[in-house]
Amino acid sequence: MLIWKQTHTTLMLVRSPYLTKTLDSVNGFSFLLSSSRIMASPVAHVSTYDVFLSFRGEDTRNAFTDHLYGALVQAGLRTFRDNDEIERGEELKPEIDKAIKESRASIIVLSENYATSTWCLEELWLILEQRRKSNHYVLPVFYHVDPSDVRKQSEPFMIKLNTSPKWTNDNVNRWKAALMNVADLTGLVLTGPETQLLKDIVDIIYNKLDCKQVYLPPNLTGMESRHKEIHFWLKESDAEFLAICGMGGSGKTTLARYIVYSNCQYFESISIVEDIGSRCKEPHDLLQLQEKLIGDILGGKKRKIPSVCQGTLRIEEALQVKKALIVLDDIVEPNQLVALLGSGYINKESKIIITTRENNLGKWFESRSWKCQGYQMKLLDDNESLELLSRHAFGSKSLMEGYEELAKQVLRYCEGNPLALEVLGSSLSEDNSVSFWKSTLRILEREIDSGIKRVLIRSYNSLPHDSNRELFLHIACFFVGKDVDYVVKLLEHDYAAVSGIKTLTNRCLLSVSPNKKLMMHPLLQEMGRTIVHQESPKDPAKRSRIWRNKDSYNILLKGKGSETVEGLALDMQMLSKEYMNHPLKSSDLKTDSLEKMVHLKLLQLNFVHLTGSYENFSEDLRWLCWIGFRLRIIPSNLFMANLVAIDMSYSNLEAFSPPIVLPLLHILNLKDSHNLLV
């Protein structure tokens, strides 16, 4: 490739990544990363597009320009391309003029027949006018044409008057001047493989628009100093892996993201696979994570993977050739690591970050050729803690006057945990009065024993309604990682889920991911489950919610149960994996226990076979999730009138014929029930 410029200025090229990610907020550290523009400082005008493509359709539409458009989009650049294949009229469409004015840059593909089109010439003139009026970057690409022909306007860029009404003397003079002007701009000339030219174009646009920079908002605290501590691993160490370890809420995921988005310009591709531990619970969850990972590494369209084994092989192959920066968040077991990465060679220029609460990962790597460097996550010091608290309590970096002693008290409670500081700061922001702070902190002193648990329990207890607390516990026990719309439909009637979820997110007790999944920090989920556990520490059958597979299995096996139970979950496949050396029989389980749970609302039985009568099941039942249901028909004595959601995927049902009308039913899933007679 040649860089064409009439002056003697040197144009520097910097390799850019192909970014396609959107970030959300984690641990009180909010990121803003546009899929098309990541600015280090705000801009006065928000553009609709990053790039406007001007080209002659008959020359390049189905070849070079199509490939260029794909490369720009893959790089996360919002690109306007006119796809109108019909015969164009003389007048430029209004949306073309509008798109040029609302773009930050233009790429002009000057091909052999470009100057024969009044449409292209008018686009060119408008682009240069936009450049003159504003900070609009223009990149000419000389595609199989000589730049000198464009300047001198020799064939094929010689413009002559003709009889068409558009070819007036004034227009011709404008277009000639535009061709001379564009020839004087820095541009690229095709001299080698088109693939290299495409890369160079994307690099130039990407860097000219400052897309390689990350906008780091003001409430990001303490990450820069921690990033410096692991600089050696990123730049000089031969270890492929960095394991960030630490307690829940300490900022492990936030630091991993900070590393990625501060260094992404040095890698070909990036991927952040979040919450792996909590997402590897349902069938095919691991397959979905593999599809995301391989899609991020290779780019382009989503790749369908038929099986986990084939997915592992494809990821292995991709990691051998791609220079990638990857985050595997919340790894719980070594088999998750193997399934996502395989066990083969990894490109030495790639870097992989693991976040985990497991401090001893030595055994995970001792039988592999991979090298792993550990980093123990440090909690915030007093200055950092004070800044983060002030950000959330007052919306300012500095503490308001008169709150110094109270703030010290808060810092003692939180012990440098970012999540605790965020949650408490958000609660205290409701009333920025000294009396409110004193009252809140006095309650904290009386009610809570120590550290971060005091903060989280206080935030839970301060929820305005009992329904908010019940909703929080249901989500913590059963619905983390579930689709928010699904949960809203299921729980709206009993718990006002729409407003309740909003309250929980406002209190930083819950978040909704970009793909609309309910997410809860493990520390908060653990707190919620601890609250339920304390209802009856010794007898799970007397708790309100039973989510542990082992507890649920024993209750159903022994025929225990009580009227306090509102939700129960049992996954026999997951339980069998935990007890591989002691086979468990689902056929031993009976319905007696469920008949004792007269207020049961939520029932999840995955691959469970029950024997006994269904006659006395709770009439309050709202959710029946029975994946792998073994019966051929719905039991005629099963009360279903109040069900809102039924999931009987992978069942043996031959017909779905409920014994009564289901007036409240919103969700029905019979996926992969292959015996159903249509």
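The values are calculated or read from the model by the stated rules, or taken from the named source; none is laboratory data. Quantities reported herein were computed from a predicted structural model and do not represent experimental measurements. Cβ: placed from backbone, ideal geometry, glycine included. Neighbour counts: every protein chain shown. We work out accessible area using only protein heavy atoms, side chains counted, and drop any ligands, DNA or RNA first. Shrake-Rupley method; radii C 1.70, N 1.55, O 1.52, S 1.80 Å.
Spin-label model, H599 to N461: label points 7 Å out along the Cα-to-beta-carbon direction sit 2.2 nm apart.
On full extension, the segment bounded by I633 and K228 gains 139.6 nm, given 0.36 nm per residue less the C-alpha separation. Measuring only protein heavy atoms, the 1.4 Å probe finds I633 accessible over about 100 Å².
Each residue of segment 614-629 was assigned a 3J(HN,Hα) from its phi angle through the Karplus expression (A = 6.51, B = -1.76, C = 1.60, θ = phi - 60°), giving 9, 5, 9, 5, 4, 7, 8, 4, 10, 10, 10, 10, 10, 5, x, 4 Hz with x at Gly and Pro.
Under the simplified labelling scheme, the K371-Q409 pair shows an inter-label distance of 5.2 nm, with each label point 7 Å from Cα along Cα→Cβ. The 1.4 Å probe gives accessible areas that order T356, T116, largest first, as T116, T356.
Tell me, in nm to one decimal, what length is gained between K577 and L670 on full extension, where the rule is 0.36 nm per residue of separation less the Cα-Cα distance? Please list the in-between numbers first.
Values: separation 93, 0.36 × 93 = 33.48 nm, distance 2.52 nm.
Stretched out fully, the K577 to L670 stretch lengthens by 31.0 nm.
For a straight C-alpha distance cut-off of 25 angstrom, the lysines reachable from K590 (same-chain residues fewer than eight places away being disregarded) are K281, K538, K542, K550, K558, K560, K577, K601. Using a ≥ b ≥ c from the Cα gyration tensor of segment 352-432 (square roots of the eigenvalues), is it rounded, prolate or oblate, where a/c under 1.5 gives rounded and otherwise the larger of a/b and b/c decides, a/b for prolate? In terms of gyration-tensor shape, prolate.
Quick check: at a probe of 1.4 Å, how many percent of the accessible area of segment 415-574 sits on carbon and sulfur atoms? Don't skip to the answer; put the middle values down first.
Details: 3140 of 6610 Å².
Carbon and sulfur: 48 percent of the exposed surface of segment 415-574.
With all protein chains in place and ligands, DNA and RNA left out, the 1.4 Å accessible area ranks Y460, Y650 as Y650, Y460, largest first. Placing pseudo-labels 7 Å out from each Cα toward the beta carbon at K98 and N652 gives an inter-label distance of 6.0 nm.
One Cα centroid belongs to segment 220-274, the other to segment 591-638; the line between them spans 47 Å.
Rounded to 0.05, the FRET efficiency of the K438 and Q534 pair, given R0 = 41 Å and the Cβ-Cβ distance, is 0.90.
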